[in-house]
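What follows is a short report on a single structure.
Read the figures in this text as sums done on the coordinates, not as results from a lab. Note that the coordinates shown come from a computational prediction; the quantities given were computed from them, not determined experimentally. Here the Cβ is made from the backbone with ideal geometry for all residues, glycine too, and neighbour counts use every protein chain on show.
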Amino acid sequence: MSIEFRNVTKNFSGFTALDSISFKIEKGTACGYIGPNGAGKTTTARIIVGLENADSGSVIIGDGADGTDLRATQRQIGYVPDSPKLYESLTPRETIAMAAMLRKYDVAKAMRRLEVLSEILRFSDYLKKPIGGLSKGNRQKVILSLAFLFKPSILILDEPTDGLDLQAVISLKQLIKHFTAHNGTVFYSSHLLDIVEGLCSEVYFINHGQIAGHFRKEEFEGKRGYLEEALSESIGTTTDHKVIDEFFDDAD
């Protein structure tokens, strides 16, 4: 399933979070979505999954000619939010069971899939422990399991490696690569350029609610630092070295 935004605008109390943005992510591809804090990344993700509505423009998921089929396709989306919330008194197993029941999904099958995912992400020892007592990284693994568990066609990942250990990051990258190899579509919002470079076939830069750049893999593949330099040029991320020197040279 593809994802397309056509001239999408979103305002919050007079603040324009998205300013007539347009992009398209083809089926079976992973797309990086990069920008500074407050650029509009999370707002874009929340619109795709239906937690926010665009004020104008069209959001098209799948093969529809307009946005009318958006709600019908959102059940096929796995989502990792930037600030996930979980019931802290429940264990990961109980959380997955509750989600399965809400989705009318076979609970026993969900438990089997959780066992596999917990092995892949390396948190099987924590499945019966209350989430309130888990580390940030293990909580993130529960959220990732929820995103992958119900066989989505699309993954919306907003800083999905937040808190993860190195082994889990490697496993997540492998999961994403297999997902796209099986025609899954990935929207990957992150600040980590190196991961985006390795996973994504195209990258959009967003700044002040506007698309500030678009790069395909053939432009940056094998070119270490290419996206960092392009990002600096597109949205002005470079700090004047004189300012840094002044900071360290300043003596009390």
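Quick one: plug the Kirkwood hydrodynamic radius of the stretch 1-124 (C-alpha pairs) into Stokes-Einstein at 20 °C, 1.002 mPa s, and report D in µm²/s. Kindly include the intermediate steps, with their values, before the conclusion.
Values: Rh = 16.7 Å.
The estimated diffusion coefficient comes to 128 µm²/s.
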The stretch 3-249 - Debye-derived log10 I(q)/I(0), Cα point model, q = 0.15, 0.18 Å⁻¹: -1.10, -1.42
Mean-position separation - Cα centroids, the stretch 1-42 and the stretch 126-141, in angstrom: 31
Under 18 Å from Lys136, Cα to Cα: lysines that are on another chain or at least 8 residues apart: Lys85, Lys128
Dipole moment magnitude, nearest 20 debye, the chain about Cα centre, only Lys, Arg, Asp, Glu C-beta charged: 1760
The chain: angle of helix 136-149 to the longest principal axis, Cα-based, in degrees nearest 10: 70
Highest-MSF residue in the chain out of Asp55, Asp19, Asp125 [GNM, Cα springs under 10 Å]: Asp125
Sorted by Cβ density within 10 Å, fewest first, the residues Cys200, Cys31: Cys31, Cys200
Of Glu94, Glu202, Glu219, the one that fluctuates the most in a GNM where the chain has Cα springs shorter than 10 Å: Glu219
Using alpha-carbon coordinates, inclination of helix 92-102 to the longest axis of the chain, degrees: 80
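Restricting to the stretch 1-159, what percent of DSSP beta bridges are antiparallel, rounded to 5? Walk me through the intermediate numbers first.
Numbers: 12 of 16 bridges.
Restricted to the stretch 1-159, the bridges split so that about 75 percent are antiparallel.
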Cα-based helix-to-principal-axis angle, 166-181 vs the chain, degrees rounded to 10: 80
